[in-house]
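To start, the structure under review is shown below, and the notes come after it.
Please treat every number below as a calculation from the coordinates, not as lab data. In this text, all values refer to a predicted model and were calculated from it rather than measured experimentally. Here the Cβ positions follow ideal geometry from the backbone for every residue, glycine too, while neighbour counts run over all protein chains shown.
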Amino acid sequence: MLLQQFTRAFHTTRLVFAGAEKSALAALRKKTGYTFANCKKALEMHNNDINLAEKWLNEQAQSLGWSKATKLAERATAQGLVGVLIHGNIGAMVEVNCETDFVARNEHFKNFVDHVSRICAKYTETTDFDGDLWKLGFEADALKNLRTTDGKTLGDHLALLIGAVGENASIKRAICFKTSNDMQLAGYAHPTSTTTTVTENTTQIGKYGTIVAFRGTGLDEELQKNICQHIVGLNPVKIGEEGKDKPVANKDDETCLIHQEYLLDSERTVGEVLKENNVAIIDYQRYECGEATKNERLEQAELSN
């Protein structure tokens, strides 16, 4: 009888322990996204302490990521995504590149685009400025040196991403806006899974993106969305100024925003739509994933001369 009770108690304890171990393994995998084998090894090494196991996994991943990043650094990153984040009077748009479209569709990669967008927005939030509009562009090196909430740099997090996806990746550029007074920001990414202009504090992700600074009394969400879509679709070179910039003869060749045929109504120009709604576009920025930056175009021009 005593032997049976001991055997039953031992068996129950073993089941409880196995259940706790399985639960810790599932929690660690869900939290970190690392493989089953690596999570299991980390828990075994740290007596099922999830926090210690996670710390060890991140250290290993960081080391592996930097190693992979160094090895893959020369490989071209022509694919990727654009992220657009609007949070009140702050806007951030980033471009993150990778080698293949397959990785660009990976959730790890999308989460990283969101992470970079939020770090840029956080930096913008702490910036003081005079006037109605502040705008700052970042290139790759400056972006990689930005500090994140865990004390590491975006470069460190990029190395972790490279280790996770197994191919080269890069943070190409970013542009940040901050407004005051009566100026408003709107953003849009295409293609997007959302049907609204901007879901507040949610990073929109696509192959194209834009941020637009508006001023006016007739602003509404639908108009902002439509103007953003127009800029993404027709790629104007500049806003234009009435009386100074003349429309070109062939409307299909028009690159001045206010003289372009409105995307949703070819009978009117963008300038006419803005005037009807008592709205003005103060500034905008458009990104297309993979396009050459201004500095890259200048370098190419110098090499060709």
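Laid out as a table, the results:
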| read-out | value |
| --- | --- |
| Mean Cβ neighbour count within 10 Å, used as a protection proxy, ranking 84-90, 240-246 highest first | 84-90, 240-246 |
| Extension gain from residue 272 to residue 147, taking 0.36 nm per residue of separation minus the Cα-Cα distance | 40.6 nm |
| Sequence-distant residues sharing a close amide H with residue 269 (under 5 Å, placed H) | 262 |
| Residues residue 51 and residue 255, FRET efficiency given R0 of 51 Å [Cβ-Cβ distance, rounded to 0.05] | 0.40 |
| Straight-distance crosslink candidates among aspartates and glutamates, where the alpha carbon sits under 19 Å from residue 22 and sequence neighbours closer than 8 are dropped | 44, 49, 54 |
| Ranked by how many other beta carbons lie within 10 Å on average, peptides 41-50, 289-298, 176-185 from highest | 176-185, 41-50, 289-298 |
| Linear extension gain, residue 26 paired with residue 182, 0.36 nm per residue minus alpha-carbon span | 51.2 nm |
| From phi via Karplus (6.51, -1.76, 1.60), per-residue ³J(HN,Hα) for region 88-99 in Hz, x at Gly/Pro | x, 8, 10, x, 9, 10, 10, 10, 10, 10, 9, 7 |
| Gain on full stretching of the segment that runs from residue 295 to residue 201 - 0.36 nm per residue minus C-alpha separation | 30.8 nm |
| Karplus 3J(HN,Hα) series, Hz, for region 174-189 with 6.51 cos²θ - 1.76 cosθ + 1.60 (x for Gly, Pro) | 7, 9, 10, 10, 8, 10, 9, 6, 9, 7, 10, 10, 9, x, 7, 10 |
| Proximal lysines to residue 251, defined as alpha-carbon separation beneath 22 angstrom and excluding residues fewer than eight positions away on the same chain | 238, 275 |
